[in-house]
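The values are calculated or read from the model by the stated rules, or taken from the named source; none is laboratory data. Quick caveat, the model's predicted, so the values are computed rather than measured. In this analysis, Cβ positions are derived from the backbone assuming ideal geometry, glycine residues included, and neighbour counts consider all displayed protein chains. To get the accessible areas, we keep the full protein, side chains included, count just its heavy atoms, and leave off ligands, DNA and RNA. Shrake-Rupley method; radii C 1.70, N 1.55, O 1.52, S 1.80 Å.
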Amino acid sequence: MKYLIETFGCRTNQADSDAIASKLLSKGHSPACKEETADICVINTCTVTAKADTQCRNMIRKLRRDYPKAKIVVTGCFAAVAENQSKKIAGMENDENLVFERRPETNFSFFTAPVTRARPNLKIQDGCDRFCAYCIVPYARGRSRSMPVKDVLEQLDLMHKAGIAEIVLTGIHLGGYGLDLKPETTLLGLLKKITPSPSPLPRGEKVDTDHCFRIRLSSIDPDEWSDELIDFAARNKMIARHFHIPLQSGDDEILQKMGRRYTTERYFRLLSDIKSKAPDCAIGADVIVGFPGETREHFERTRQFIEKTPIDYLHVFPYSRRSQTASAKLEDTVSKAEKHRRASVLRAISAKKRAEFYKKMAGKKIDVVIEVNRDKKTGRLKGISGNYIPVLLDGDDGLLGRMVNVTLAEENICI
Ligand code: SF4
């Protein structure tokens with residue numbers, strides 16, 4: 001049978017879709033090419049915002065229009081949230097070929113050749129025990145659980161032997177890795193097993209790119225960065241100099257209401273510390289605007305905090321009320337228009353900071369992992385540096401999927 005998979009949401013969902021594809025392949029099914037009719041359509045959904053819900057519903061309807069006879073399987077977070085299972089998709093109430101399926105509890109992704117991405121995700125953790133006031137994820141993905149250390153090392157070895165230049169360690173709550181394992185361990189404990197203890201690089205020496213691959217870490221919460229983890233990540237040449245550290249708000253009162261476990265003072269000290277040890281690293285942050293009760297004064301403090309903090313780019317989300325969450329009981333006090341005004345203010349700051357970071361890196365040597373496919377628009381090689389700079393380069397197909405060391409020129413930066 002021919003199948004297609006539509007994926008919404010985060011890197012962890014991408015990893016889940018890779019696992020679904022490997023399973024379908026192992027059962028003898030094959031991916032439908034563009035003009036082919038799919039017999040099975042899998043939609044791996046997201047429910048982190050109301051907007052994500054709408055996008056998933058629209059995709060379900062579109063798949064039915066495009067493939068009238070296909071079996072449509074709705075899985076992922078939208079499907080996992082109880083209330084959605086009972087709700088029919090408007091216009092498809094009697095569709096017997098539409099099924100909702102919860103994803104299996106322990107569905108860690110295991111690498112299967114062929115290599116389809118230069119920077120594949122390896123999902124090593126799932127679920128979350130934190131229940132931040134606005135977040136639906138613990139209800140959709142369950143309690144935190146980790147892939148056993150032995151399996152992680154085996155997978156990394158397989159992927160390295162397959163010639164993969166970068167692997168993204170991903171999870172819903174990566175900072176909680178290993179706390180559920182027997183014997184218990186931590187993300188740092190795992191990293192020490194993956195990469196030998198880092199020896200400081202003599203000033204100016206470049207990374208030997210031929211024999212190693214790099215690890216990129218997905219999002220880690222601020223309170224999960226120990227001084228030892230900072231040191232280890234900042235000095236280890238195998239760890240990409242790119243850290244995503246959710247902020248959510250730059251106001252302590254709002255952080256407390258959100259149930260976040262740090263203060264702005266701690267956050268500022270953390271980022272300053274990381275930047276002092278890895279000056280060329282890129283730091284990204286998530287921010288929610290318009291959380292219930294966020295006044296203009298709260299928002300102004302957030303704006304000022306972000307301006308002064310060494311963040312290089314932002315992912316900005318207007319607050320979206322999610323049922324079952326603690327904040328769903330709070331009055332949604334900020335209007336849609338005001339949420340969008342606040343979001344555009346922060347996105348403008350993010351664009352300015354990102355441009356400043358790229359300018360600072362121009363003329364420096366960077367290690368770029370080249371994607372396995374050329375850029376559709378320009379036909380050039382496209383890649384991303386360890387510190388998250390997207391670039392377009394000229395070169396032959398032999399470089400596809402490889403890591404190369406280049407001097408960054410501003411005209412190579414892919415804005
Ligand atoms: S840490 Fe908070 S925001 Fe992140 S997944 Fe868990 S509950 Fe959601």
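So which residues in the range 115-165 are within 19 Å of the chain's Cα centre (by Cα), away from the ligand (no atom under 11 Å from the Cβ) and either among the hydroxyl-bearing types (Ser, Thr, Tyr) or open to solvent by 60 Å² or more (accessible area, probe 1.4 Å) (or both), if there are any at all?
THR116, ARG117, SER146
Return only the number of the condition from (1) closer than 18 Å to ASP280 by Cα; (2) open to solvent by less than 50 Å² (accessible area, probe 1.4 Å); (3) of a type in the set (Gly, Ala, Ser) that GLY363 does not satisfy.
(2)
Which number in (1) at pLDDT 90 or above; (2) over 30 Å from GLY127 (Cβ atoms) marks the one condition that GLU36 misses?
Result: GLU36 passes all but (1).
Among (1) modelled with pLDDT under 95; (2) open to solvent by 20 Å² or more (accessible area, probe 1.4 Å), there is one condition ASP53 misses while meeting the rest; what is its number?
So the condition that ASP53 fails would be (2).
When the range 265-286 is examined, which residues are found to be open to solvent by 30 Å² or more (accessible area, probe 1.4 Å) and of a type in the set (Ser, Thr, Tyr)?
Residues satisfying the conditions are SER272, SER276.
Could you please give the count of residues in the range 91-116 that are closer than 16 Å to ALA79 by Cβ and either small (Gly, Ala, Ser) or at pLDDT 70 or above (or both)?
The total comes to 9.
I'd like the residue in the range 391-410 that is in contact (Cβ under 8 Å) with a residue 24 or more places away in the chain and assigned to a loop (DSSP other than H, G, I, E, B) and, out of all such residues, is farthest from the chain's Cα centre (by Cα).
The extreme case among them is GLY395.
If you take the residues in the range 250-264 that are closer than 9 Å to HIS298 by Cα and open to solvent by less than 30 Å² (accessible area, probe 1.4 Å), which one is nearest to the ligand (Cβ to nearest atom)?
Out of the qualifying residues, it is ILE254.
Can you list residue pairs whose Cβ atoms sit under 9 Å apart, with the first residue in the range 45-70 being under 11 Å from MET92 (Cα atoms) and the second being of a type in the set (S, T, N, Q) and open to solvent by 40 Å² or more (accessible area, probe 1.4 Å)? Count only pairs 6 or more apart in sequence or on different chains.
ARG64/ASN97
Which of the residues spanning the range 355-385 are more than 21 Å from ILE239 (Cβ to Cβ), touching a residue at least 40 places away in the same chain (Cβ under 8 Å) and in contact with an Asp or Glu (Cβ under 6 Å, 6 or more places away or on another chain)?
Across the range 355-385, the qualifying residue is only ALA362.
Could you give me the residue pairs with C-beta distances under 9 Å whose first residue belongs to the range 231-259 and is free of Cβ contacts under 8 Å to residues at least 40 places away in the same chain, whose second residue is within 16 Å of the ligand (Cβ to nearest atom) and assigned to a helix (DSSP H, G or I) wherever it lies, and which are 6+ apart or on separate chains?
If the second residue must be within 16 Å of the ligand (Cβ to nearest atom) and assigned to a helix (DSSP H, G or I), the pairs left are LEU255/TYR267.
Check whether at least one residue in the range 321-338 is open to solvent by 30 Å² or more (accessible area, probe 1.4 Å) and under 21 Å from the mean Cα position of the chain (by Cα), and report yes or no.
No, the range 321-338 contains no residue that is open to solvent by 30 Å² or more (accessible area, probe 1.4 Å) and under 21 Å from the mean Cα position of the chain (by Cα).
Among strands (runs of 3 or more DSSP E) lying entirely in the range 208-298, which contain 3 or more residues that are over 21 Å from ASP367 (Cα atoms)?
The strands (runs of 3 or more DSSP E) meeting that bar are 282-289.
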